[in-house]
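Heads up, the thing below is written out as structure tokens.
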Amino acid sequence: MAFESLSAFLAMGGHGPYVWAAYGATAALLLGVTLHARAERRALLRDLRRRARREQRRGASTPDSHQEGHARES
Amino acid sequence: MWAFIHKLGSPKWFYGISARLSPWFWAAAALLIVVGSVWGLAFAPADYQQGNSFRIIYVHVPAAFLAQSIFVSMAIAGFVFMVWKIKVADMAAAMMAPLGAAMTFVALFSGAVWGVPTWGTWWMWDARLTSMLILLFLYFGVIALRGAFSSRDSASRAASVLAMVGVINIPIIKYSVDWWYTLHQPATFSVTSRPAMPVEMWVPLLIMVLGFYCFFIAVTLMRTRSEILRRESNKRWVRELAGEVT
Amino acid sequence: MPNSDPHLVQQADAVRLFREPEGGAGVAIRATLKRDLVLLMRRRSEVLNPLVFFALVITLFPIGISPDPELLATIAPGLLWVAALLAALLSLDSLFRSDYEDGSLEQLLLSPQPLPALVLAKVAVHWLLTGLPLALMAPILGIMLALPAGSYAVLALSLALGSASLSLIGAIGAALTVGLSRGGVLLSLLVLPLYIPVLIFGAGAVQAAIFGEGVAAHLAILGALLAVALILAPWAIAASLRISING
């Protein structure tokens, strides 16, 4: 352990704001990327599921070709 | 080998295999990054010159490594797409570009914050920061070019060509910026070029770098799978998959 | 004797008629060079605009910063180089644009001659009518910026060498964006980061000449950059043109 106490750890020898800002920004970005990827995947799966249900209601034999590019990336 | 490449090229096969691999990379990324951060923040000794502000190295250097590696991976993916027409490679390349830009931004931000205690200013035209800034512009160019085409195939091929041109230029840019920097600021000391780092300092750095790489692979796998669903939403296997999930 | 058969003789004649003219690639390259030169000489404003732009930008700096000759002399090398680079960038958008619009670019792509060689001819014309005039004009603007004596020849030489690389690299961007309706700003976004090494060594050469150091190393590196660009860029331009046309 390089620090004696928690307050020394938080202060980082006077460089606290810089160290914590750098780590905070990095953590925020990594988390943001992760959450975005997850949200994207869930939204896509939800869309696909909704489509599948709709098609089932209309009868499984009806092919639907008019949805070309339905879920195009924004 | 060829069979393997062609299998990899099939979105369906890729979707399946990446589902199995992805959790491992997420777990490894989380574990390595947490261990590396705690070690780097609390247990690594302070630098005798810079004190505790040097701990920023544990996020700055991995982000900078990753920023460059992602560009190279993107160019390789573009090459694979152009030569073998493997669509999955292009989907992965498309997903890598924003992540690479984000990593470049993290490297720039942490470098700027690091600059305050070391140089006394938020921005110095330091060789490393300058090449990072140029890399950010290269990423913006690739992203903008991909977005500018209305046909997806043209967009993919144009972005691949630009990524390959960029990757040839990156070392040239890096060396010329280094040369330019030594010409103009010979006296300033560079924060990250230290002669010999003691083991207890570089082991956490290594862990962080590995963790960031795992994170990159995990995110790229996940987003490529999403992109497969998006692009192949009219394919039969995707519909069956959606039906199963219901 | 098969040759005596009149049918066969006729057939051979027909084949010769439909074959490529002798020395296909060489003729095609020369024809492309000549055509582009004539076309550009007819639209003289397109040749003159970058030069006027160059002079104008250089005029802005003393007004915007200070007319102090000492201050101007210190920033002159970089200023001249940046302004010339921007002027060259400005002219890039028209490199393939009119050919794209009137369909002759498609013809170029369809021709049996190697496309990289043909685009190299087009880029050579672009350099001849943009880069070279800019290089020749730079010393005059150098006088206006109080550029120290002894660096004028190096300025012109470094610009002439460097602008050839700029034309080659820029043509990749121009080829990628030619099919887009609003490609202008995108083009500069794609191309400017790639220009940085040329800028560093070009401006560095002029700076070295001012300080009385050897400039051979800088010029050699500029030459090396040009060689690399000459080897790789034509293929990238050709591939980009195919993407833009087919997409």
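When C:Ile210, C:Ile231 are checked against the criterion of being more than 8 Å from chain B (Cβ to nearest Cβ) and without any contact (Cβ under 8 Å) to a residue 12 or more places away in the chain, C:Ile231 stands alone in meeting it. Exactly one residue out of B:Gly147, B:Gly141 is within 11 Å of chain C (Cβ to nearest Cβ), free of Cβ contacts under 8 Å to residues at least 40 places away in the same chain, assigned to a helix (DSSP H, G or I) and surrounded by fewer than 21 Cβ atoms within 10 Å (Cβ to Cβ), and it is B:Gly147. Summed over the stretch B:98-110, the residues that are more than 9 Å from chain A (Cβ to nearest Cβ) and crowded, with 23+ Cβ neighbours inside 10 Å give a count of 3.
Of note, B:Pro117 satisfies the criterion of being in a helix (DSSP H, G or I), more than 14 Å from chain C (Cβ to nearest Cβ), surrounded by fewer than 24 Cβ atoms within 10 Å (Cβ to Cβ) and touching a His at 6+ places or on another chain (Cβ under 6 Å). Across the stretch C:73-112, the number of residues qualifying as in contact with a Gly (Cβ under 8 Å, 6 or more places away or on another chain) and hydroxyl-bearing (Ser, Thr, Tyr) comes to 1.
Residue count for the stretch C:77-96 under the criterion of being more than 22 Å from C:Ala149 (Cα to Cα) and of a type in the set (Phe, Trp, Tyr): the result is 1.
Checked against (1) within 8 Å of chain B (Cβ to nearest Cβ); (2) within 17 Å of B:Val161 (Cβ to Cβ); (3) surrounded by 21 or more Cβ atoms within 10 Å (Cβ to Cβ), C:Pro197 passes all but a single condition, namely (2). Taken over the stretch B:42-83, the residue count meeting the criterion of being surrounded by fewer than 20 Cβ atoms within 10 Å (Cβ to Cβ) and more than 17 Å from the chain's Cα centre (by Cα) is 12.
Within the stretch B:161-189, track down each residue that is more than 9 Å from chain C (Cβ to nearest Cβ), touching a helix residue (DSSP H, G or I) at 6+ places or on another chain (Cβ under 7 Å) and at pLDDT 90 or above.
Correct list: B:Ala163, B:Val167, B:Ile170.
Looking at the stretch C:180-226, which of its residues are outside any helix (DSSP H, G or I), in contact with a Leu (Cβ under 9 Å, 6 or more places away or on another chain) and of a type outside the set (A, V, I, L, M, F, W, C)?
Matches in the stretch C:180-226: C:Gly183 only.
The values are calculated or read from the model by the stated rules, or taken from the named source; none is laboratory data. Because the structure is a prediction, the values reported are computed rather than measured. Reconstructed Cβ throughout: ideal geometry from the backbone, glycine too, with neighbour counts over all protein chains shown.
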